[in-house]
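One structure is given below, encoded as structure tokens.
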Amino acid sequence: MGLFGYLLRTSRRPFLLALAASVISGAAGASFIALVNTALGRAGHVPAAVVWAFAGLCVATVVTRFLAQNLLFRLSQGFIYRLRRRLVDGILDTPLRSVEKLGTPRLYSALADDVVVIADALPGLPMVCFSATFAVVCVVYLAVVSPAVALTSLLALGVAVGVYRMFSAYGMRHLGAAREEQDRLFEHFRAVTEGTKELKLDRGRREALAGAALDATATTYRRRSVLGLSVFEGAAGSGQAIFFALIGVLLFVFPAVFALPARTLTDSIMVLLFMVSSLQGVLTWLPVLGRATVALHKIEERLEYLEGAGREKRHDHPAAPADWQQIGFRGVAHAYPGAAGEQFVLGPLDFTFRRGEVLFVVGGNGSGKTTLAKLLTGLYLPEKGAVRLDDREVTDDNRDAYRALFGAVFSDFFLFESLGGLPGADRTAKAEHYLRRLQLDHKVSIVDDRFSTTALSQGQRKRLALLTACLADRSCYLFDEWAADQDPVFKEFFYTELLAELKARNKTVVVISHDDRYFAVADRIVRLDYGQIRADRPGEDRRDRTPEEENSGGR
Ligand SMILES: Nc1ncnc2c1ncn2[C@@H]1O[C@H](COP(=O)(O)OP(=O)(O)O)[C@@H](O)[C@H]1O
Ligand SMILES: [Mg+2]
């Protein structure tokens, strides 16, 4: 079983300990039954040693079983943590483009659901070991009592295992199909949680997307899960039936054929009844273990994808030189695959960002501005060409340090409540200073190194994101359509005060903007059009600023 192998690889010691405890517990439990049988046979003349053995086995069975379960509970908690940690590190160490391609719903369903399914199944593993050992010891005891009964029981066990394997392959296929639906289900959940407003406003879409589409996926998921789990239940039922048949054969056929003494028969049947009840314990775990195996395969597939995409190195390499003078794009290109003939290609671009300049990137929607920003900040690795910091190429070995040059507010920014990780012991004072300047001090304060609230308007949240970027004090800033949600007062503040202030502090500022009123504050304006640089001119040069051009470039 995949789960066994995985645990052996990742948590060898505690898992082996738990298994050992359950094997001892199984052996002790079965020996206990054998001892009870023997004592019954002596009818009153039981030596003291047998009584002591009885007490010892009693305690051993219970204690080792408790130990095995307890170890497994601890193991499963550690296991959830480590698996989640591997996934989280995998996401953060994998190139952004590969994570974007996989999509958040798939990662989320692995992090939130698969991990828990596996952890829930772990306590079933010692049960399986317990019962397997129990069965082995019972068969050995039966061999002593009657070799014919032992052989027949072994045969029944073999048939039961064979039938189970046949059923389980079929059941796993359905559970696997249900798991495929789960990713789609999480996509629907995301649409529902993030599109609540739109769905509330539009009954038709709500019925189509949150009703019919969700129902269809949920129905397939439910149908496949029920089928898969039923197959496992069927396997359990057949296992039980095989053992009942075995008991029937012993009761009605054996006495006639083998002329078994009544005492041997009672002994055998009693042992078999115990064996059936212990196997029943395993059978209830089988569907759970089946689902866990499917979930583990899914997580491994995700991890393989993330690892296959190439881990970005995290080094403690030296910081990039603080006095850098320019960032150069040399034939940098990036393509997004699309349907045939619809591929979008940015570049190849040859271009230089100079230290201390305020550079505007302009162009129509979809012209490649944000993609350019991701390449500039080192979030996308150039598919072709190279980015150079002064005379050094940015490579896997120094990209981490290169990224540390940037402070950025993307248009789909994430606002962290915590200021944790930002530099400076005086960050609270600095943050309060910026809150006043951004006129947010009446709304937000800093409490315990956190913003007291982030439940604000989008424009206000963007101001907080800007504040965070400023606290990081980087040498190059990138603002992707930052001013788009701001009122005229803050547009004015941003373009005239903040940009000038950053420039005075020798920062390079790259501003993606559609605010042509403020183009004059730029040192340089670069216009993108279908992924190509169409113009690169000084900011005060207002020649090609026609509204038509402003709206051209993409779609
Ligand atoms: N995640 C993505 N997957 C596939 N294609 C994308 C993705 N993001 C952007 N694109 C494509 O790249 C083009 C440029 O996008 P982008 O750089 O975001 O433009 P801009 O910021 O100028 O509006 C878009 O027209 C779109 O076709
Ligand atoms: Mg954009």
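Entry remark, the stretch 343-395: residues being of a type in the set (A, V, I, L, M, F, W, C) and under 17 Å from residue 407 (Cα atoms) number 11 in total. Being over 23 Å from residue 165 (Cα atoms) and in contact with a Cys (Cβ under 8 Å, 6 or more places away or on another chain) is a property that residue 271 has. For the stretch 92-111, which positions are open to solvent by less than 40 Å² (accessible area, probe 1.4 Å) and not polar (S, T, N, Q)? Correct list: 93, 95, 99, 102, 103, 105, 107, 110, 111. Under the condition of being buried (at least 17 other Cβ atoms within 10 Å of the Cβ) and farther than 30 Å from residue 2 by Cβ, the residues counted in the stretch 300-323 number 1. Residues of the stretch 332-387 that are at positive phi and within 12 Å of ligand 1 (Cβ to nearest atom): 347, 363, 366, 368. So which residues in the stretch 444-479 are of a type in the set (Lys, Arg) and either within 16 Å of ligand 2 (Cβ to nearest atom) or not assigned by TED's automatic domain parsing to the domain that holds residue 521 (or both), if there are any at all? Across the stretch 444-479, the qualifying residue is only 462. Taken together, the residues in the stretch 1-19 that are without any contact (Cβ under 8 Å) to a residue 40 or more places away in the chain and of a type in the set (A, V, I, L, M) amount to 2.
Could you pull out every one of the helices (runs of 4 or more DSSP H) wholly within the stretch 37-119 that has 1 or more residues that are more than 30 Å from residue 188 (Cα to Cα)? Qualifying helices (runs of 4 or more DSSP H): 48-93. When restricted to residues that are without any contact (Cβ under 8 Å) to a residue 12 or more places away in the chain and open to solvent by less than 50 Å² (accessible area, probe 1.4 Å), the stretch 357-394 contains 0.
Per-residue answers, yes or no, for (1) small (Gly, Ala, Ser); (2) within 16 Å of ligand 2 (Cβ to nearest atom); (3) assigned to a strand (DSSP E or B); (4) within 22 Å of residue 528 (Cβ to Cβ):
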residue	(1), (2), (3), (4)
328	yes, no, yes, yes
331	yes, no, yes, yes
367	yes, yes, no, yes
375	no, yes, no, yes
378	yes, no, no, yes
411	yes, yes, no, yes
429	yes, no, no, no
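If only one of 424, 407 is assigned to a loop (DSSP other than H, G, I, E, B), open to solvent by less than 50 Å² (accessible area, probe 1.4 Å) and either without any contact (Cβ under 8 Å) to a residue 40 or more places away in the chain or away from ligand 1 (no atom under 16 Å from the Cβ) (or both), which one is it? Only one candidate qualifies: 424. Residue 471 fulfils the conditions (1) in contact (Cβ under 8 Å) with a residue 40 or more places away in the chain; (2) away from ligand 1 (no atom under 16 Å from the Cβ); (3) open to solvent by 20 Å² or more (accessible area, probe 1.4 Å) except for a single criterion, (3).
Given the criteria farther than 24 Å from residue 527 by Cβ and touching a helix residue (DSSP H, G or I) at 6+ places or on another chain (Cβ under 7 Å), does residue 491 qualify? Here the answer is no, as residue 491 does not meet what is asked. Report whether or not residue 401 is more than 16 Å from ligand 1 (Cβ to nearest atom), within 19 Å of residue 470 (Cα to Cα) and open to solvent by 60 Å² or more (accessible area, probe 1.4 Å). Judged against the criteria, residue 401 is not a match. The set of residues from the stretch 480-513 being open to solvent by 10 Å² or more (accessible area, probe 1.4 Å), within 16 Å of ligand 2 (Cβ to nearest atom) and out of contact with any strand residue (DSSP E or B) (no Cβ under 7 Å at 6 or more places or on another chain) comprises 484, 485.
Only one entry of 304, 357 meets the criterion of being in the same structural domain as residue 163 (by TED's automatic domain parsing), farther than 30 Å from residue 234 by Cα, more than 16 Å from ligand 2 (Cβ to nearest atom) and modelled with pLDDT of 90 or more, and that entry is 304. For the criterion of being surrounded by fewer than 20 Cβ atoms within 10 Å (Cβ to Cβ) and farther than 26 Å from residue 62 by Cα, residue 159 passes. The single condition from (1) modelled with pLDDT under 90; (2) surrounded by fewer than 18 Cβ atoms within 10 Å (Cβ to Cβ); (3) within 22 Å of residue 177 (Cβ to Cβ) that residue 214 fails is (2).
Taking the stated definitions as given, is residue 313 farther than 24 Å from residue 501 by Cβ, charged (D, E, K, R) and not assigned by TED's automatic domain parsing to the domain that holds residue 461? Here the answer is yes, as residue 313 does meet what is asked.
Does residue 320 fit the bill of being under 30 Å from residue 102 (Cα atoms) and outside the structural domain of residue 401 (by TED's automatic domain parsing)? Answer is no for this residue.
The values are calculated or read from the model by the stated rules, or taken from the named source; none is laboratory data. Everything quoted here is computed from the prediction, not taken from an experiment. Here Cβ is always computed from backbone atoms with ideal geometry, including for glycine, and neighbour counts include all displayed protein chains. For accessibility, only protein heavy atoms count, side chains too; no ligands or nucleic acids. Shrake-Rupley method; radii C 1.70, N 1.55, O 1.52, S 1.80 Å.
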